[in-house]
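Only the coordinates and a few stated rules stand behind these numbers; no lab work does. Because the structure is a prediction, the values reported are computed rather than measured.
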Amino acid sequence: MAIERTLSIIKPDATARNITGQIISRLEAEGLRVIAQKRVWWKKKDAKAFYEVHKGQPFFKDLITFMTSGPIVLQVLEGEDAIAKNRAVMGATNPVDAEPGTIRKDFAVNLQRNSVHGSDGPETAKREIALCFKKSEIVG
Ligand code: CMP
């Protein structure tokens, strides 16, 4: 297994409920290391650029509205097999389908307010990290 980097977002439903620390603890407990982190409030253009791949989907407009409704925490996570590991800790996109003990099972409200995002593959991770962080902001 290789050491990888992946982009993680703690979404507005989670920052509103003051559970960012609990979410980060779950990631760290699985061996993922936070090597970049910032709390931001996205403008519509930021959210649209990030979720460009979903443009045209019926949920796109609501997704953009939600992701700009409050602060979010952007993070780069590093570790062995970090992309798959982060997705395993997060659980399925829809909390109804998520395994017990995953972040989304325990914290997500519904499919949209699902508390966290994680890159879904190496190319996506590279793109998302570059979109959210300057090289100088990543301190491994
Ligand atoms: P995320 O992993 O951030 O990627 C895109 C987001 O769109 C997803 O989590 C969900 O929160 C949201 N979303 C809303 N409706 C849907 C849907 N029908 N299918 C997939 N994602 C959806």
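Considering all alpha-carbon pairs of the stretch 93-139, what whole percent are spaced by more than 14 angstrom?
For the stretch 93-139, the fraction of Cα-Cα distances above 14 Å is 60 percent.
Where a Cα-Cα gap under 19 Å defines reach, which aspartates and glutamates qualify for Lys48, not counting those fewer than 8 residues away within the same chain?
Filter leaves Asp13, Asp62, Asp120, Glu123, Glu128.
If a/c stays under 1.5 just call it rounded; otherwise compare a/b with b/c (prolate if a/b is bigger, oblate if not). Do that for the stretch 76-115, with a ≥ b ≥ c from the square roots of the Cα gyration tensor eigenvalues.
In terms of gyration-tensor shape, prolate.
Normalised by the residues of the chain, what does the relative contact order come to in percent, with Cα pairs under 8 Å and at least six apart?
38
Any number yet on Rg/Rh for the chain, C-alpha, Kirkwood?
Here Rg/Rh amounts to 0.93.
Could you list, in their original order, any pairs among Lys43/Lys134; Lys38/Lys126; Lys11/Lys135; Lys11/Lys45; Lys55/Lys135 whose Cα atoms are separated by more than 21 Å?
Lys11/Lys135; Lys55/Lys135
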